[in-house]
Amino acid sequence: MTQGPRRWLFVLTILVGSFLLFQVQPMVARMVLPKLGGAPAVWNSAMLVYQALLLGGYAYAHWLGRFAVRRQAMIHIALFVLAALWLPLGIAQIAPPAPGQEALWVPLLLIASIGPVFFVVSAQAPLMQRWFAADTRAGDPYYLYAASNLGSFAGLISYPALVEPNMPLATQSWGWTAGYGLLALLVAASAAARWTGKGAHDEAADSADEPRPTLRRQLHWLLIAAVPSGLMLSTTTHLTTDIVAMPLLWVLPLGLYLLSFSIAFSNAESIKGTFRVLAPAVLLIAGGQALLSTSGGTMLIAFMSLVMLFIVATTLHDYLHHLRPSPRHLTLFYLIMSAGGVLGGLFAALIAPLLFDWVYEHPILILAAAMLLPLPALLPWDQWLKIANPRRIVILLLLLAAFTSWNLASNWDGTFNGMNGLWAGLTLAVGLLVIGWRWAYVLSLAMLMLGVGGVETLKSSTDGSRVRSYFGVYTVTDDVYRQQRRLAHGTTLHGLQHTDKRRELDPTTYYGHKSGVGLTLDKANQLAGPSAAVGIVGLGAGTLSCYRKPGQAWTIFEIDPAMAAIARDPSKFTFISKCAPHVPIVIGDARLQVAKLPPAQFDILVIDAFSSDAIPLHLLTKEAIGIYARALKPGGILLIHISNRFFDLQPVLAAEAQARGWSAAIRLDPSITDSDPMNRDFGNLTASSWVAMTATPDRLTQLTGGLKPRDKASEDGVWVPLAARPGFTRWTDDYASTLPVLLWGHLIGKSE
């Protein structure tokens, strides 16, 4: 028997530890959301904290390896007991940051809140494998890493699917504490099973033929680990920016990334061999579209991108598994793997948004994968034809690829129809033929990227029409035929203005005069007098500012400074410069900024803070609505924009209004075309859903003129009751889940 004793114990210990690790991350993210807001800088800081603690845990496991297992166990269990002082999980009470010190304060808050428990749990995977290998009968410990990532995957999937929808945060915290106690017992049992195991000094005699890995080999490990980590993040950004803005989509790339480890570190050689053969071809087919930025993607392209990530990540991680050292250097191997993951994450999440105005990190990482992948020839034509030196033929094939790629780029119109399909197919065919020659393969992939929309994407980076921030990629384009200027946030239209001077200040998209916000702001003076105070959360292109009338006091809240710069620039959009040039624009998370204001500030407060189809949970909870209610004057109206392709948010606000005893109504504006038959412009008014809420029933009647039955909702200017859902649980900072309001049938449709 090559299996060591109590193999099941080590598998279970690693599964539980990894499960807890990937439960605590989203749980703590939910806990701190109301306190810190939804700014990406916050989540980038959180990501750095998690990765730093994980790297620290792996370094700690590597350091422990110098001792005998008995001493390792004593130290580790002592740390488990010490870290338990931070349980149950919660947010530390520390003084708020001084202005400009948020970047340091956020990591400090997270480390003070969960640092010790995250650190000690993160050491489980390499440490348990080291203990497992201390028994000479145990066999190869690396397969246990597959169990580790299965546990991580289970933790990742179960949180949004099972834990968050069914448990408030307090219950989640106590449940995690119970899991921590179980893990401590399993660690103690594992230590007892290896109490007389060897340490690093004893292993040296058994592994004298295995020298310490060279620096070059360690750098190789680092790069191979970094590329899949970065590719996982860049795939998420690319899909949600330029393919389809689907909720919960971030879970899929991360889940596939974790599963790739489970296959790569298993003994499933037939599956891994198939992946090695398929990976270069899949990288060509799906990666060849990585520079496409026409927002014309479908679910098919999204699916291809996910398949590419899974196959390429599995193949690269299998390569890492192939290059693994003896168990003596196991913890060093995992330490460098962890550092590679941090490196890839830093590049994709923090460095790339500063360097690039588009998600160029995605094609860069795909090319990096092409440079690292094993390249078994898919079609070994040189062997079939018995050609001793095929280099000249390969060069001729590359010249053919350059010719076809140039023709493809010259005629690219966003589709693969007709000649475009032929040119793309020929370029792809060359890439498949030269898989055995790395330099030719990488060049073919790059030429395919340039041909399939890549040249157009690069052009947009040179004409100043695109801006990128941590919040997304914004592109300003002109439609000469329709006389429009458009602001796109990834795949989502974020603003539109007529370039015809006679109509440039007319409201467009979700903000027409017959929309809920248009009906309300047109009546602002009637509702609150000529000095009405109006707050707008969410700027966009600044369209709503042209509802402002002389004498009114407006304040606009916008989380992204880049968006404020676009809206204020009269060479791009003129709504702000011509209608509200002196209106203050407050930069920051709306909930936090509104909470800082004195009470009773606004007669009308408009919440229009949705980015694409993402749901800012912390802006729709009981506590958030309480902040808005405090900011409203007596009789004030709260107006919330809930237009969304994937979520029905009416039950959320209906439950909130019912709990507060407020009156509420919704305006379902179906308008999608201009009413002027002489106008060539179509689609300047978009169907929208706006909810009006107020503590004063008479004020709602004054706004709506009385509610109509829901079957009259399509009529002009009609307000109807919200669609309540019996038994729907009110959202709070302690409990909120998007799954009950997810429109599952819409997930399979084409992105708009």
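Every read-out reported here was derived from the displayed coordinates using simple, explicitly stated rules and does not represent laboratory data. All values reported here derive from a predicted model rather than from experimental measurement. Counting neighbours? That spans all protein chains shown, and the Cβs are built from the backbone with ideal geometry, glycine included.
If the chain between ARG137 and LYS459 were fully stretched, how many nm would it gain, using 0.36 nm times the residue separation less the Cα-Cα distance? Present the calculation step by step, with values, prior to reporting the outcome.
Details: separation 322, 0.36 × 322 = 115.92 nm, distance 6.13 nm.
Net length gain for the segment: 109.8 nm.
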For TRP554, what residues show an amide H to amide H distance below 5 Å, using hydrogens built from the backbone and excluding near sequence neighbours?
VAL534
For a quick check: with amide H placed at 1.01 Å from N, whose amide H comes under 5 Å from ALA600's, ignoring anything fewer than 5 positions away on the same chain?
ALA631, LEU632
At the level of C-alpha centres, the distance separating the stretch 581-612 and the stretch 163-183, in angstrom, is 35 Å
Could you give me the ³J(HN,Hα) list for the stretch 105-122, computed from phi with Karplus coefficients 6.51, -1.76, 1.60 and θ = phi - 60°, whole Hz, x at Gly and Pro?
6, 4, x, 4, 4, 5, 5, 5, 7, 10, x, x, 5, 5, 4, 6, 6, 5
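Around ALA533, what is the net charge, scoring Lys/Arg as +1 and Asp/Glu as -1 over all other residues with Cβ under 12 Å from its Cβ?
On the way: positive: ARG548, LYS633; negative: ASP603.
Combined, the nearby Lys, Arg, Asp and Glu give +1.
State to the nearest 20 debye the size of the charge dipole of the chain about its Cα centre, where the only charges are +1 on K and R beta carbons and -1 on D and E beta carbons.
On the way: 54 positive and 45 negative charges, 199 e Å.
The dipole of the chain has a size of about 960 debye.
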Taking +1 at the Cβ of each Lys and Arg and -1 at the Cβ of each Asp and Glu, which of TYR510, PRO561, LEU527 sits farthest along the dipole of the stretch 454-567 towards its positive end, judged by Cα position relative to the Cα centre?
LEU527
Sequence order, the stretch 132-144: Karplus ³J(HN,Hα) from phi using 6.51 cos²θ - 1.76 cosθ + 1.60, θ = phi - 60°, Hz rounded, Gly and Pro as x, gives 4, 6, 5, 8, 5, 8, 6, x, 5, x, 5, 5, 5
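Cross-link list LYS622/LYS712; LYS514/LYS633; LYS633/LYS708; LYS523/LYS572; LYS514/LYS712; LYS523/LYS578: which exceed 19 angstrom alpha carbon to alpha carbon? Numbers along the way, then the final one.
Working: LYS622/LYS712 30 Å; LYS514/LYS633 25 Å; LYS633/LYS708 27 Å; LYS523/LYS572 29 Å; LYS514/LYS712 14 Å; LYS523/LYS578 21 Å.
Where the Cα-Cα span goes over 19 Å, the pairs concerned are LYS622/LYS712; LYS514/LYS633; LYS633/LYS708; LYS523/LYS572; LYS523/LYS578.
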Per q in 0.09, 0.10 1/Å, what log10 I(q)/I(0) does a Debye calculation on the alpha-carbon atoms of the chain return?
-0.91, -1.08
